Protein chains: 2
Amino acid sequence: MTETGTRPSSPTLDEVAVRAGVSRATVSRVINDSPRVSPEAREAVLSAVAQLRYVPNRMARSLVTRRTDTVALVLSEPDTRLFSDPFFARIVRGLSASLAQTDINLVLLTAGDAGEQEKVGRFVRQGHVDGVILMSLHSDDLLPDVLAEAGVPLVLCGRPLDDRPVSYVDADNLGGARMATEHLLGLGRRRVVTIAGRADMVAGRDRLTGWREVLTGAGLEAGAELVAEGDFTEAGGARAMEQLLARVPDLDAVFAASDPMAVGALRVLRAAGRRVPEDVAVVGFDDADVAQTCDPPLTTVAQPLADMTQEMTELLLRQVDQTTETVERRVCPTHLVRRGTA
Amino acid sequence: MTETGTRPSSPTLDEVAVRAGVSRATVSRVINDSPRVSPEAREAVLSAVAQLRYVPNRMARSLVTRRTDTVALVLSEPDTRLFSDPFFARIVRGLSASLAQTDINLVLLTAGDAGEQEKVGRFVRQGHVDGVILMSLHSDDLLPDVLAEAGVPLVLCGRPLDDRPVSYVDADNLGGARMATEHLLGLGRRRVVTIAGRADMVAGRDRLTGWREVLTGAGLEAGAELVAEGDFTEAGGARAMEQLLARVPDLDAVFAASDPMAVGALRVLRAAGRRVPEDVAVVGFDDADVAQTCDPPLTTVAQPLADMTQEMTELLLRQVDQTTETVERRVCPTHLVRRGTA
DNA sequence: GCGGGGTGTGAGAACGCTCTCACGGCGTGC
DNA sequence: GCACGCCGTGAGAGCGTTCTCACACCCCGC
């Protein structure tokens, strides 16, 4: 099935100028609404623009302004499952929202494997974007280095593992984990196990560290047998919970490093005949949608995602506007949301 | 916390030419590897490129070639939940994969509300991309019109509701639904209910139509009381199943328009004491990951997603290369994957 | 009536690339 | 030995903008 037609070529500034009876410069002034234009000229130009359905050619403009008015959110993550993580959707939403009032475009790039990373690196170095917000979740990722070296304004979403000089915005994962664990201890629990996130992700490590610090600080045991690693999914959380029940039959509290894992744990606990929160208290992390809808509703640690995305865009745009590179680091406070499980 | 540095400005073709002792034209020839260059000149240029870490300025190049070597996948969908649908992730993966061997970049744009749609429209008309693949799932979406009018090569992922002259690639939802329903009838089932997708999505409608056609064709009842609408989620599927059990207590088969909904139905059926597949046979749609991991594994209709994304890129790139607009429509065959539930 | 300070406008030079065209140099066929 | 063609190369003209100047023009104050 085939039909054909021809593609129109868009009008240029010159054509608009001729039609409006003014010079190219004046049209340009109207387009970029400079104040130094007479009302009559402006009127003539605007009507010519409307008649010709003129749209400025972005390439030509970018060539001289050295700006594209586009920033990229790069997701460097081979595991396609994490791409569909609701957390990621919330980040995208937040960034769009904070860019909504500006005329800056947001594009998403994925870098699943080495080939795609290469492509993203090229894309950025070729000047397609004014800046990059990078979500790189794994510690062995090369892309942060590539982009940093490209000399493009860069803000990481999440703390990098080392102390490299790069701007980032992160949630206070350590503090949140401490808060959650302290809350469990405050409830009188003494056998607090944890379902940890993957060890190759900084957020996972920080949450584990927070749990450990509080337990050892309280003189309680925090050994490896109290830790099971999940993969941030519900199924992974369920598996981890089964291991923990087998290893630590007398556990009375669980700190899960993500809400889906907590939900998986809830399911396993129920199947094992443990009542939540009476027998076992549970705290999750992220305050995902599921935390409100599960039964009983999940006590969890919330990150201020809206603030974080706002911060990211601010940091990035400031870097874009200044010609000097500045490094700023922001850690946003987390807080405990008490619901039914602890 | 602040550190500063300066941003380097990239070298130009001229600087490379000077360093290599050749003209700008020759450097350009090497960059675009034209055959008409002597080995010595090529060598000199390549070494100069390496020394200066030269990267072509994309804007300058695009200005003259009128190509950006970038295509956009636009997701026009206000509901953030669908953004994290695994189906979408598979589309992205597939498109990246089929573009991997080319030097064409893929960017994702989201158009959640009217403001974002406006932005996407501008972005495209300004010439940021050579073509667009559009996932527009709701029938009342304006973006298809906006983009079509922009005169940019366009391929829809999924059939549009009306017969407008636009290229698209779709799965044979109708055929798949027919196949699933026929399979259920072939098992001897006669009270086949369906959990339909949302009526404002074409895929949802087509799957419902296929189910209805087969039942009425077999002289069986296919009235409204046998249909419950879900929202493509597991929770929605569970709710729909509860309604159906109440309305049609003697049902012996369920066709669910998506796998998550089928999984929700499975849970409710089990809770109601119905055995699957002995008492009730169940068929899903999409062949999502969950279809393999659920218990019992789900019989479902698979779409050839890899073929579909491949088709989309081919259709799009052909449109980009030809200067004339051609309209092609592709419907890819679906097939039944038999597992444990039917 | 004449110099001075705006104000609106236009000419023209960038921006960094591609691509056409013309021009030497060399090998080939007669 | 001469015309011819091909091959590698460079000069130069765009591509569609922005932006710096310079230039008329008008209004004011003296």
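A short reminder: the numbers here are calculations on the coordinates, not readings from a lab. None of these values were measured; they are calculated from a predicted model. Virtual Cβ from ideal backbone geometry, glycine too; neighbours counted across all protein chains shown.
Fewest neighbouring Cβ atoms within 10 Å first, the residues B:Met201, B:Met261 line up as B:Met201, B:Met261. Counted by Cβ distance under 15 Å from B:Asp287, the other residues give a net charge of -1, where Lys and Arg count +1 and Asp and Glu count -1. With a Förster radius of 45 Å applied to the beta-carbon distance between A:Thr102 and B:Arg275, the computed FRET efficiency rounds to 0.20. Working from label points 7 Å from Cα in the Cα-to-Cβ sense, the A:Val18 to B:Val37 distance is 3.7 nm.
Amide H to amide H distances under 5 Å link B:Ala253 with B:Arg191, B:Val193, B:Ala281, where only residues 5 or more positions off or on other chains count and H is placed in the peptide plane.
For the range A:328-334, 3J(HN,Hα) computed residue by residue from phi via the Karplus equation (6.51, -1.76, 1.60; θ = phi - 60°) reads 10, 10, 10, 10, 8, x, 9 Hz, glycine and proline entered as x.
All other residues with a Cβ under 13 Å from the Cβ of A:Val71 taken together, and with Lys, Arg as +1 and Asp, Glu as -1, what is their net charge? Before the final figure, lay out each step's value.
Values: positive: A:Arg67, A:Arg318, B:Lys119; negative: A:Asp69, A:Asp103, A:Asp130, A:Glu314, A:Asp321.
Net local charge, A:Val71 excluded: -2.
With its label point put 7 Å out from Cα toward Cβ, A:Arg66 sits 3.0 nm from the same residue's point in the other copies, in order from shortest.
Over all residues in A:322-335, what is the mean tally of Cβ atoms on other chains that come within 10 Å of each residue's Cβ? If you can, show how the numbers build up before the last one.
Values: counts 2, 3, 4, 5, 5, 5, 3, 2, 1, 0, 0, 0, 0, 0.
Per residue, the average neighbour count from other chains is 2.
Backbone phi angles across the range B:259-276, fed through the Karplus curve with coefficients 6.51, -1.76 and 1.60 (θ = phi - 60°), yield HN-Hα couplings of 5, x, 5, 4, 5, x, 5, 4, 4, 5, 4, 5, 4, 7, x, 8, 8, 10 Hz in residue order; Gly and Pro are listed as x.
Let me know the shape class of the protein assembly as shown, please: from the alpha-carbon gyration tensor, a ≥ b ≥ c as square roots of the eigenvalues, rounded when a/c is under 1.5, otherwise prolate if a/b is greater than b/c, or oblate.
oblate
Over all residues in B:290-298, what is the mean tally of Cβ atoms on other chains that come within 10 Å of each residue's Cβ? Please report the intermediate quantities before stating the final value.
On the way: counts 1, 0, 0, 1, 0, 0, 0, 0, 0.
Per residue, the number of nearby Cβ atoms from other chains is 0 on average.
Here is how far apart the B:Asp163 label points are across copies: 7.0 nm, shortest first, using a point 7 Å from Cα toward Cβ. Positive-end ranking of B:Ser136, B:Val45, B:Thr68 along the dipole of the range B:1-157, with charges on Cβ about the Cα centre, is headed by B:Val45. Looking at chain A, the DSSP beta bridges with both ends there are about 10 percent antiparallel. In percent, what relative contact order does the range B:262-316 have, based on Cα pairs under 8 Å that are 6 or more apart in sequence? Relative contact order, the range B:262-316: 27 percent.
Please compute the average number of Cβ atoms from other chains found within 10 Å of each residue's Cβ in peptide B:99-111. It would help to have the intermediate numbers written out before the result.
Values: counts 2, 5, 1, 1, 2, 1, 9, 7, 11, 9, 5, 8, 1.
Average neighbour count from other chains, rounded to a whole number: 5.
Once you reduce the range B:233-301 and the range B:36-72 to the center of their Cα atoms, the two points are 56 Å from each other.
Inter-copy label distances for B:Ala199: 5.5 nm (label point placed 7 Å from Cα along Cα→Cβ; shortest first).
In this structure the amide hydrogen of A:Leu73, modeled in the peptide plane, comes within under 5 Å of the amide hydrogens of A:Val107, A:Leu108, A:Leu109, A:Ile133, none closer than 5 places in sequence on its chain.
Sorting the segments A:320-332, A:64-76 by their residues' average number of neighbouring beta-carbon atoms within 10 angstrom, most packed first, yields A:64-76, A:320-332. FRET efficiency for the pair B:Thr209 and B:Glu118, taken as 1/(1 + (r/R0)^6) with r the Cβ-Cβ distance and R0 = 35 Å, rounds to 0.55. Computed over chain A, relative contact order equals 15 percent, with contacts defined as Cα pairs under 8 Å that lie 6+ residues apart. Toward the positive end of the charge dipole of the protein assembly as shown, with +1 on the Cβ of Lys and Arg and -1 on the Cβ of Asp and Glu, the farthest Cα among A:Met201, A:Val146, B:Ala180 is that of A:Val146. Distances between placed amide hydrogens fall under 5 Å for B:Leu154 paired with B:Val132, all partners being 5 or more residues away or on another chain. What the phi angles of the range A:311-320 give under the Karplus curve with 6.51, -1.76 and 1.60, with θ = phi - 60°, is a coupling list of 4, 4, 5, 4, 4, 5, 5, 5, 5, 5 Hz, glycine and proline written as x.
State whether the range A:183-307 is rounded, prolate or oblate according to the following rule on the C-alpha gyration tensor (a ≥ b ≥ c being the square roots of its eigenvalues): a/c under 1.5 gives rounded; otherwise a/b larger than b/c gives prolate, and the remaining case gives oblate.
Values: a/c = 1.30, a/b = 1.07, b/c = 1.22.
Cα axes put the range A:183-307 in the rounded bin.
Working from Cα pairs under 8 Å separated by at least six residues, relative contact order for the range B:160-292 is 24 percent.
Taking the Cβ-Cβ separation of A:Leu220 and A:Ala246 as r and a Förster radius of 25 Å, what is the calculated FRET efficiency to the nearest 0.05?
Numbers: r = 21 Å, r/R0 = 0.82.
Efficiency, from the Cβ-Cβ distance: 0.75.
Below 10 angstrom from the Cβ of B:Leu315, what's the summed charge of the other residues (Lys, Arg +1; Asp, Glu -1)? Net of charged neighbours comes to 0. Could you tell me whether the range A:176-250 comes out rounded, prolate or oblate from its Cα gyration tensor? Rule is a ≥ b ≥ c as square roots of the eigenvalues, rounded for a/c under 1.5, then prolate if a/b exceeds b/c, otherwise oblate. Taking the square roots of the gyration eigenvalues as a ≥ b ≥ c, the range A:176-250 is oblate.
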